[in-house]
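Here is the structure we will look at, set down as structure tokens.
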Amino acid sequence: MGFFSEYSSLYFFSALLQANAAILSLFAIFVIFRIQSLASSIDTRKLVLGADPSHASAYDINSFERMSLQEKKCEVDHKTGRRAFGVAHYLAWIAYEEKIEELKHSIIVPSSVLAGSILFYAIALALAHFIHRSGVLVEAVLLGGSIILEGLCLALVLRFSFILLGIGAQLPNPSRVEKAILRITKIRR
């Protein structure tokens with residue numbers, strides 16, 4: 001019997017596999033929640049714009065919604081000066097959409113790394129008996145390398161989570177004026 005028991009690799013790779021699967025699940029939930037939160041902010045902008053038909057009609061809002069991000073930017077540049085009330089809300093709408101797109105593109109690396117490590121641990125789990133029979137040195141190198149890989153995965157996920165948390169400070173928050181406008185429109189209806 002060597003330094004590691006016959007089941008050391010089995011338990012080790014199984015634990016890492018389950019831990020990474022749980023981290024990936026929590027990560028996905030966090031990202032989905034953030035995207036839904038940003039989409040909800042866009043919906044709030046639509047309500048504010050649609051609350052006063054003198055600023056934007058339902059047709060204007062629906063047309064704007066179907067445009068690409070670049071087309072929306074051009075449209076807002078065209079509207080600047082004519083409808084100051086609506087322009088600020090359209091600009092905020094665009095800012096939220098840009099954050100959603102940025103978020104969708106920036107999750108690729110951390111989720112790919114986590115998925116790759118899950119695949120690696122699944123293969124290592126399937127080969128655990130072979131790894132154990134290959135010798136103590138091979139097993140120690142693989143277990144140590146796995147610990148390093150797991151540390152890198154966690155650091156990457158934590159870094160991305162902090163980026164996600166930092167996004168909120170860059171987005172325009174609903175102002176008191178916007179909240180008052182929403183209350184007034186609810187009273188009118």
(Q) Criterion first (touching a Leu at 6+ places or on another chain (Cβ under 8 Å), among the aliphatic types (A, V, I, L, M) and modelled with pLDDT under 90) does Ile108 satisfy it? (A) no
Q: Enumerate the pairs (first residue in the stretch 26-41 and under 25 Å from Cys153 (Cβ atoms); second residue anywhere and polar (S, T, N, Q)) with beta-carbon separation below 8 Å, excluding pairs fewer than 6 apart on the same chain, so at least 6 apart or on different chains.
A: Phe27/Ser111; Phe27/Ser161; Ala28/Ser111; Phe30/Ser161
**Q.** Test: Ser54 is out of contact with any Asp or Glu (no Cβ under 8 Å at 6 or more places or on another chain), more than 13 Å from Tyr90 (Cα to Cα), of a type in the set (Ser, Thr, Tyr) and at pLDDT 85 or above
**A.** no
Q | Number of positions in the stretch 111-132 that are modelled with pLDDT under 90, surrounded by 12 or more Cβ atoms within 10 Å (Cβ to Cβ) and not hydrophobic (A, V, I, L, M, F, W, C) | A | 3
Q. Would a scan of the stretch 148-159 turn up a residue that is under 30 Å from Val48 (Cβ atoms) and part of a helix (DSSP H, G or I)?
A. no
Q) Which one is surrounded by the fewest Cβ atoms within 10 Å (Cβ to Cβ), of the residues in the stretch 136-165 that are over 31 Å from the mean Cα position of the chain (by Cα) and touching a residue at least 12 places away in the same chain (Cβ under 8 Å)? A) Val136
(Q) Yes or no: the stretch 117-128 includes at least one residue that is under 18 Å from the mean Cα position of the chain (by Cα), assigned to a helix (DSSP H, G or I) and not basic (Lys, Arg). (A) no
Q. For the stretch 41-59, what are the residues that are of a type in the set (Gly, Ala, Ser) and over 13 Å from Lys99 (Cα atoms)?
A. Gly50, Ala51, Ser54, Ala56, Ser57, Ala58
**Q.** Which listed residue is surrounded by 12 or more Cβ atoms within 10 Å (Cβ to Cβ), at pLDDT 90 or above, assigned to a helix (DSSP H, G or I) and of a type in the set (A, V, I, L, M, F, W, C), from Leu16, Leu10
**A.** Leu16
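The values are calculated or read from the model by the stated rules, or taken from the named source; none is laboratory data. Because the structure is a prediction, the values reported are computed rather than measured. Cβ atoms come from the backbone with ideal geometry, glycine included; neighbour counts cover every protein chain shown.
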